[in-house]
Amino acid sequence: MSRAVPLVRIPVGVVVERRKAKSEWVDFVWRVVAVLPGVPEMSPWSVLEQGAEAMAIYAGAAEVALHRSDTARYHDNLASGAPSLWVVLRPTEVDPPYAIVAVTADPGEGEGYTAAGSDLVEAVMMPASVREVVAAFVAEHHVEQVSFKRVRTRADPDALARRAPDTAKDHGE
């Protein structure tokens with residue numbers, strides 16, 4: 001099933017950190033540290049800052065796609081007190097070691113990417129300018145869905161009881 005075309009696309013840049021691992025099985029630990037509003041004028045996988053133990057790297061550009069059907073989840077994200085964007089990176093087995101798969105403001109979509117098990121999924125702070133666009137989108141497109149509880153009719157125990165065979169049918173009458 002294909003998803004509807006998003007009404008708004010917000011360009012962003014993704015920053016990751018590569019840190020020396022304290023493990024004998026892996027050399028480095030990777031994590032997403034920030035999403036930049038807009039796309040900087042630099043090549044993907046450019047080093048932004050290098051220290052003795054860690055390196056900040058601009059991983060590349062992405063888009064936050066906003067869909068009308070997801071406004072309730074965007075609204076909840078904004079109301080959480082710490083609005084976040086979920087960044088999904090997938091291992092490539094080549095250099096660069098990760099590819100940007102998605103950046104989303106929908107917490108449910110972000111959580112859905114964790115099911116694969118091999119993807120690196122991180123929630124990072126939503127930049128103020130992105131938060132403003134998402135808030136305006138929610139204000140314009142969100143329709144509160146009224147939830148209601150169905151009233152169930154009580155079961156009739158006599159209707160559910162086991163019945164004796166109809167003797168008239170058995171005797172051909």
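The values are calculated or read from the model by the stated rules, or taken from the named source; none is laboratory data. This structure is a prediction, so every number in the text was calculated from the model and none was measured. Cβ placement follows ideal geometry from the backbone for every residue including glycine, while neighbour counts extend to all protein chains displayed. In case anyone asks, the SASA skips ligands and DNA or RNA and just uses the protein heavy atoms, side chains included. Shrake-Rupley method; radii C 1.70, N 1.55, O 1.52, S 1.80 Å.
Please note which strands (runs of 3 or more DSSP E) are completely contained in segment 8-125 and include at least 1 residues that are in contact with an Asp or Glu (Cβ under 6 Å, 6 or more places away or on another chain) and open to solvent by less than 20 Å² (accessible area, probe 1.4 Å). So that I can check it myself, show each step before the final result.
Details: elements: 8-20, 28-37, 46-50, 54-66, 84-91, 98-104, 120-125.
Per the criteria, 28-37, 84-91.
Screening ALA54 against (1) within 25 Å of ARG19 (Cβ to Cβ); (2) in contact with a Ser or Thr (Cβ under 6 Å, 6 or more places away or on another chain) leaves a single unmet condition, (2). Report whether or not ALA135 is open to solvent by 30 Å² or more (accessible area, probe 1.4 Å) and among the small types (Gly, Ala, Ser). In short, yes.
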